[in-house]
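Novice: Please find one structure pasted underneath; my questions will follow.
The values are calculated or read from the model by the stated rules, or taken from the named source; none is laboratory data. Fair warning: this is a prediction, and the values are worked out from it, not measured in the lab. Cβ sites come from the backbone with ideal geometry, for glycine too, and all protein chains shown count toward neighbours. For accessibility, only protein heavy atoms count, side chains too; no ligands or nucleic acids. Shrake-Rupley method; radii C 1.70, N 1.55, O 1.52, S 1.80 Å.
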Amino acid sequence: MNENINKSALFNGSCFALITTAFTFAIRAGILPQLGQEFGLSGEQLGFINSMWFLGFPISMIIGGLVYHSFGPANIMRVAFVAHTLGILLTIYADGYTTLLISTLFIGFGNGCTEAACNPMIADMYSGVKMNKMLNRFHMWFPGGILLGALISKFMTDFGGVMGNWQTQMWVLMIPTVIYAVLFFGKRFPTPKVVGVTSLFENFKAMGRPVFIFLFFAMALTAISEFGPNQWVSIVLSSSGADAMLILALTTGVMALARFFAGPVVQRLGQTGVLLTGAILATIGIYMFSVVTGPIAYFAAIVFALGVGYFWPVMIGATAQRAPLTGALGMSIIGGVGMFSTAIFQPIIGGWIDGSTAINQAAGLTGDDLQLAAGQDTLAKMVIFPIILVVLFTIFYFWQKNANPRTETIVAAH
């Protein structure tokens, strides 16, 4: 039955939906300074706005995963379109802090619906090697879309005038949103394949085992190590002598390439080796961000990207291989805790920026010197996340050294 559906349209629609998600991340990062100035928002308030993106995402992702078979991917994507459209329009016509909170929550909710619908839908359309290949191609569009969105935001901001204002940049988000809606409209979605499904009771029982509990807490730290510096790049690096949005574009570009070649890398180093190496590189990259200025910051971006680029997909893959009885629900929860963690830490990071700004201002710093000092102080605090991961993944490496994963499937994700 699934052979008669328009796989090309559904897959391309999925890619444009993920590009929408990536644009909401990149362009929002680019306009963050403008929003702060326009509405007189503090770093902590900007942090709470950021956190809504990461809060809405896991809520809808987990709910969507639970109701995928009963509600259906077509309906989930309809909800995604409504949520994305409401979020974008409410942001464009925002009149203050509260409206920005609500609009960003809608955007995050739409993003989570995309994940909940498109991952299993692609798995239903393809099988075997083809399925893994198409899932990897789909998930490349998150860092790839961030790269494209970051460049669009930079060029529009540099152009100035109406083109550079934050409202115009938010309108750009409607382009991939409308495209995925058109591609999905009137299409028949694949019939779900239920192969090797375990009961929810078995899923939850398996979640109580040590490996899953370890991955649960490690995921919280890998997510904030990746998303923390990326989301605040415009604020933190705007006075470092390097172009903040080019840093973001370079980071996501390297991440996209890293994920494209993830299969051979994981095969050679193993999941635990990749995670430990990534934690070490992420620590070096974030530390370099906290001390360097000028062109060296671009090299720091490459090191950082190589470190965090594998975190998300390999953590999801480790859940599938080392805690297989948790099933799809386990992978959804691991992804969800990553987003929840990032939501919790966003206002904390904003508070760090505010606190450091006050201290350095009292010490007599002003202008770019003040912003640079506050940004580097904040990045120095962020180093603690990957440092903890170095310790955890060293333990995990030796703990799992002689373990035999029950499946060899590498699961691709953000």
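Residue-by-condition table, conditions (1) open to solvent by 50 Å² or more (accessible area, probe 1.4 Å); (2) assigned to a helix (DSSP H, G or I); (3) among the small types (Gly, Ala, Ser); (4) closer than 27 Å to Asp354 by Cα:
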site: Leu18; (1), (2), (3), (4): no, yes, no, no
site: Ala29; (1), (2), (3), (4): no, yes, yes, yes
site: Leu35; (1), (2), (3), (4): no, yes, no, yes
site: Glu38; (1), (2), (3), (4): yes, yes, no, yes
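Novice: Let me ask another. Against the definition (of a type in the set (Gly, Ala, Ser), crowded, with 19+ Cβ neighbours inside 10 Å, modelled with pLDDT of 85 or more and not in a helix (DSSP H, G or I)), how does Ala94 come out, yes or no?
Specialist: yes
Novice: Within region 249-272, does at least one residue satisfy the condition of being surrounded by fewer than 24 Cβ atoms within 10 Å (Cβ to Cβ), of a type outside the set (Asp, Glu), over 17 Å from the mean Cα position of the chain (by Cα) and at pLDDT 90 or above?
Specialist: Checked against the condition, which is being surrounded by fewer than 24 Cβ atoms within 10 Å (Cβ to Cβ), of a type outside the set (Asp, Glu), over 17 Å from the mean Cα position of the chain (by Cα) and at pLDDT 90 or above, region 249-272 yields at least one hit.
Novice: If you scan region 1-26, which residues turn out to be closer than 24 Å to Tyr97 by Cβ and either in contact with a Cys (Cβ under 7 Å, 6 or more places away or on another chain) or at pLDDT below 85 (or both)?
Specialist: Within region 1-26, Phe25, Ala26 meet the criteria.
Novice: Also, quick follow-up: Among the candidates Ser290, Ser332, which residue alone is within 21 Å of Glu226 (Cα to Cα) and in contact with a Leu (Cβ under 6 Å, 6 or more places away or on another chain)?
Specialist: Ser290
Novice: Just wondering, is there one or more residues in region 147-159 that are over 20 Å from the mean Cα position of the chain (by Cα) and aliphatic (A, V, I, L, M)?
Specialist: yes
Novice: Considering (1) surrounded by fewer than 18 Cβ atoms within 10 Å (Cβ to Cβ); (2) at pLDDT 90 or above; (3) under 25 Å from Glu115 (Cβ atoms), say which one Arg406 fails and leave the rest.
Specialist: In the conditions (1) surrounded by fewer than 18 Cβ atoms within 10 Å (Cβ to Cβ); (2) at pLDDT 90 or above; (3) under 25 Å from Glu115 (Cβ atoms), Arg406 misses (2) alone.
Novice: Next question, about the same structure. In region 43-76, how many residues are open to solvent by 10 Å² or more (accessible area, probe 1.4 Å), over 13 Å from Ser341 (Cα atoms), of a type in the set (Val, Ile, Thr) and at pLDDT 85 or above?
Specialist: Here the count works out to 2.
Novice: Then there is this: Does region 87-96 include one or more residues that are over 29 Å from Phe48 (Cα atoms), of a type in the set (Phe, Trp, Tyr) and free of Cβ contacts under 8 Å to residues at least 60 places away in the same chain?
Specialist: So far as region 87-96 goes, no, none of its residues is over 29 Å from Phe48 (Cα atoms), of a type in the set (Phe, Trp, Tyr) and free of Cβ contacts under 8 Å to residues at least 60 places away in the same chain.
This table checks each residue for (1) part of a helix (DSSP H, G or I); (2) open to solvent by 20 Å² or more (accessible area, probe 1.4 Å); (3) farther than 30 Å from Gly208 by Cβ.
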position: Ala318; (1), (2), (3): yes, no, no
position: Leu325; (1), (2), (3): yes, yes, no
position: Met331; (1), (2), (3): yes, yes, no
position: Gly338; (1), (2), (3): yes, no, no
position: Ser341; (1), (2), (3): yes, no, no
position: Ile359; (1), (2), (3): yes, yes, yes
position: Gly364; (1), (2), (3): no, yes, yes
position: Leu372; (1), (2), (3): yes, yes, yes
